[in-house]
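**Student:** Okay, here's the structure, questions in a sec.
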Amino acid sequence: MNGIIPWRLKGFMKGDVEIFSKSIWDYNFMELSKIVGLIKQNPLEQLVTFKVRDEIGFGLENLKYSANEIKKKIDEIAKFMGISHLLDRDIDQLSGGQKQLTILCSFLVMNPKILILDEPIAFLDQKSESLLLERLQRLVKKLDDKLTIVIIEHRLSRIINIANKIVVLDDKGKIKFMGNISEIIHNKYDQLRASNVRVPWIIDTFYKFKQALNYHNQKFKIPVNFQQLIDLVDKLNNFELETLQKILINSEIKPNSMEKFQKYKDKIHFDEIYLEKLKDTRFQLINALNPNINEKNQEENLILETKNLCFTYPNSNINAIRDLSIKIDQGDFLGLIGPNGSGKTTLLYLLANLYDPAEGIIFYKDRNLRDLDSYEYAKKIGFIFQNPENMIFKSTLKEEILYGPKNFGIEKKITEDYLLKLINLIGNEDPDKNPYNLSWGQKRRLNLSSIFIYDPEIILLDEPFIGQDQRTIDSLIETLFIENKRGKTIIISSHDYHLLLKYTNRIIELNHDGTLREYDMKLDYFMKHNNLGPIILLNKIKEKLGAN
């Protein structure tokens with residue numbers, strides 16, 4: 001749509017693409033680039049300067065706007081998108097989400113007629129995501145300067161309130177169905193699920209509820225937002241309320257989808273946990289999840305610990321991590337959350353020994369990380385970077401997967417059968433294919449294969465769900481769940497709070513200044529945060545059952 005094909009990427013093409021009734025072949029690349037802006041999935045591919053202000057103004061400079069006009073437009077768009085405080089920051093000191101917002105501003109400032117956004121909110125925290133979507137809605141509604149927006153997204157919940165049309169492609173790149181988004185949700189839910197689209201939990205919960213009660217008629221209207229789901233509760237009888245409550249707990253709060261992999265005996269029920277005090281819940285949950293662990297050997301089970309950890313970016317006063325003290329047990333399955341710029345990625349880099357702390361200490365099994373042989377420690381760490389291309393080093397899939405074992409001297413221990421299984425995780429691909437010709441999601445799965453093969457103790461994942469469809473996420477979660485049951489310690493940094501709260505055991509939440517906000521068992525976190533959607537709904541159901 002914006003001319004990268006055919007002017008920059010070559011291939012074989014049939015048919016035509018028309019922009020404002022004119023074929024892309026009849027535009028020149030510069031002309032089309034002014035009309036159609038494309039925000040790529042990976043913000044690093046489009047960053048060309050060193051300062052945020054320079055990045056936003058880069059296109060305007062090429063279009064020969066005056067210096068005063070450029071400054072005015074930069075200030076206006078930065079204020080509009082809520083990033084004025086970043087204008088004088090270095091690009092390399094930004095989080096992934098901040099980089100994404102910077103790139104978006106660099107296109108919006110040029111006032112395109114069509115804006116294409118590829119996974120635009122993948123790196124954004126909830127506040128930035130809400131701001132972006134609200135701003136996009138405002139842009140679309142501006143009468144004086146109409147803007148057409150095309151959003152590429154796996155998560156339907158992110159665009160359900162902004163998009164008026166939806167196009168769903170199958171795995172061959174053909175249109176499976178398209179039309180009004182509301183009509184698709186109401187009439188083609190099963191096809192939507194089968195297409196690997198990530199359906200909002202609100203709608204998913206409703207359909208499970210409807211299926212459980214065998215309601216084939218239109219007794220209840222499909223809720224397309226959270227308030228409609230809450231309003232539904234007032235219309236239900238006790239049996240229906242109890243059914244919805246069970247589905248909600250088993251699907252969203254304490255998912256039973258992984259029970260087939262559980263080797264422990266579940267000792268307590270969710271309702272009991274929900275009513276207990278925080279100090280009692282922690283050890284009961286640990287015992288329930290890990291029967292071989294008890295209060296006595298908690299310290300013996302420690303694998304990572306930080307004491308008063310601080311990190312400041314060089315040549316700046318920006319504190320990414322500040323006075324952070326946490327203990328991580330072997331076999332923990334942790335979700336790491338926090339706003340953009342709170343230091344989540346930095347913390348993972350520190351735990352992986354890729355950054356040195358400015359202050360404080362990191363311990364690995366009671367030994368100071370600085371005293372360990374970095375080569376030996378590297379064998380124990382599997383790191384999935386935010387940008388999958390940052391950890392691709394070889395020119396074929398086979399070579400890439402064997403890169404770690406070769407460096408660690410264990411290449412001969414890897415069987416051909418196991419290697420092929422790991423390649424199949426990526427997709428139906430030739431082992432000699434160049435990794436850079438994979439999709440973003442496939443590159444992510446290649447990253448996973450390349451660390452699973454050398455069997456590290458600790459797996460660190462930075463935004464692993466970006467660019468993944470529902471089937472791949474289910475497979476990824478299942479794989480990580482099994483690895484955790486085998487004793488792996490897993491830490492996932494993500495803005496996808498919904499997935500983390502469903503599947504991890506504990507939550508680490510950082511403040512915007514890099515300090516620790518909370519460090520709780522997952523259900524403790526649920527219990528204390530009554531503003532979370534599933535908990536609001538659960539409390540509403542309990543309230544209605546109590547009243548009845």
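**Student:** Kindly check whether there is at least one residue in region 335-348 that is under 27 Å from the mean Cα position of the chain (by Cα), among the hydrophobic types (A, V, I, L, M, F, W, C) and assigned to a loop (DSSP other than H, G, I, E, B).
**Tutor:** Looking for residues that are under 27 Å from the mean Cα position of the chain (by Cα), among the hydrophobic types (A, V, I, L, M, F, W, C) and assigned to a loop (DSSP other than H, G, I, E, B), one finds none in region 335-348, hence no.
**Student:** If I ask for residues that are more than 30 Å from K443 (Cα to Cα) and not acidic (D, E), which ones from region 33-58 would you list?
**Tutor:** Result: K34, I35, R53, G57.
**Student:** Please work out which one of (1) polar (S, T, N, Q); (2) farther than 26 Å from I473 by Cβ; (3) surrounded by 13 or more Cβ atoms within 10 Å (Cβ to Cβ) is the condition N387 fails and give its number.
**Tutor:** Condition not satisfied by N387: (2).
**Student:** While we're looking at this one, here's another question. Within the group I35, I39, I74, I103, which residue is touching a strand residue (DSSP E or B) at 6+ places or on another chain (Cβ under 8 Å) and more than 20 Å from E129 (Cβ to Cβ)?
**Tutor:** Within the list I35, I39, I74, I103, the selection yields I35.
**Student:** Please determine, by comparing only the residues of region 416-431 that are surrounded by 13 or more Cβ atoms within 10 Å (Cβ to Cβ) and outside any helix (DSSP H, G or I), which one is nearest to the chain's Cα centre (by Cα).
**Tutor:** Here the answer is G427.
**Student:** Hey, which of the helices (runs of 4 or more DSSP H) in region 56-166, taking only ones fully inside, have at least 1 residues that are over 27 Å from P339 (Cα atoms) and at pLDDT below 85?
**Tutor:** 126-141
**Student:** On to the next question. For region 381-413, what are the residues that are hydroxyl-bearing (S, T, Y) and in contact with an Asp or Glu (Cβ under 7 Å, 6 or more places away or on another chain)?
**Tutor:** Of all residues in region 381-413, those hydroxyl-bearing (S, T, Y) come to 395-396, 403.
Passing the criteria: only T396.
**Student:** Please verify whether F20 is of a type outside the set (D, E, K, R), surrounded by fewer than 16 Cβ atoms within 10 Å (Cβ to Cβ) and in contact with a helix residue (DSSP H, G or I) (Cβ under 6 Å, 6 or more places away or on another chain), treating the condition exactly as stated. If you could, list the steps in order and put the result at the bottom.
**Tutor:** Values: of a type outside the set (D, E, K, R): yes; surrounded by fewer than 16 Cβ atoms within 10 Å (Cβ to Cβ): yes; in contact with a helix residue (DSSP H, G or I) (Cβ under 6 Å, 6 or more places away or on another chain): no.
For F20, the condition - of a type outside the set (D, E, K, R), surrounded by fewer than 16 Cβ atoms within 10 Å (Cβ to Cβ) and in contact with a helix residue (DSSP H, G or I) (Cβ under 6 Å, 6 or more places away or on another chain) - is not met.
**Student:** To continue, here is another question. Restricting to region 122-141, count the residues that are touching a residue at least 40 places away in the same chain (Cβ under 8 Å) and of a type outside the set (G, A, S).
**Tutor:** Total meeting the criteria: 9.
**Student:** For region 31-55, enumerate the residues that are in a helix (DSSP H, G or I) and either in contact (Cβ under 8 Å) with a residue 24 or more places away in the chain or under 22 Å from I149 (Cβ atoms) (or both).
**Tutor:** E31, L32, S33, K34, I35, P43, L44, E45, V52, R53, E55
**Student:** Moving on. Could you please find all residues in region 208-254 being part of a helix (DSSP H, G or I), modelled with pLDDT under 90 and polar (S, T, N, Q)?
**Tutor:** Residues satisfying the conditions are Q211, Q227, Q228, N250, S251.
**Student:** Looking only at region 164-191, count how many residues are aromatic (F, W, Y) and either exposed (fewer than 14 other Cβ atoms within 10 Å of the Cβ) or more than 24 Å from the chain's Cα centre (by Cα) (or both).
**Tutor:** Result for region 164-191: 1.
The values are calculated or read from the model by the stated rules, or taken from the named source; none is laboratory data. As the structure is a prediction and not an experimental result, all values here were calculated from the model. Heads up, the Cβs are rebuilt from the backbone with ideal geometry, glycines too, and the neighbour counts pull from every protein chain shown.
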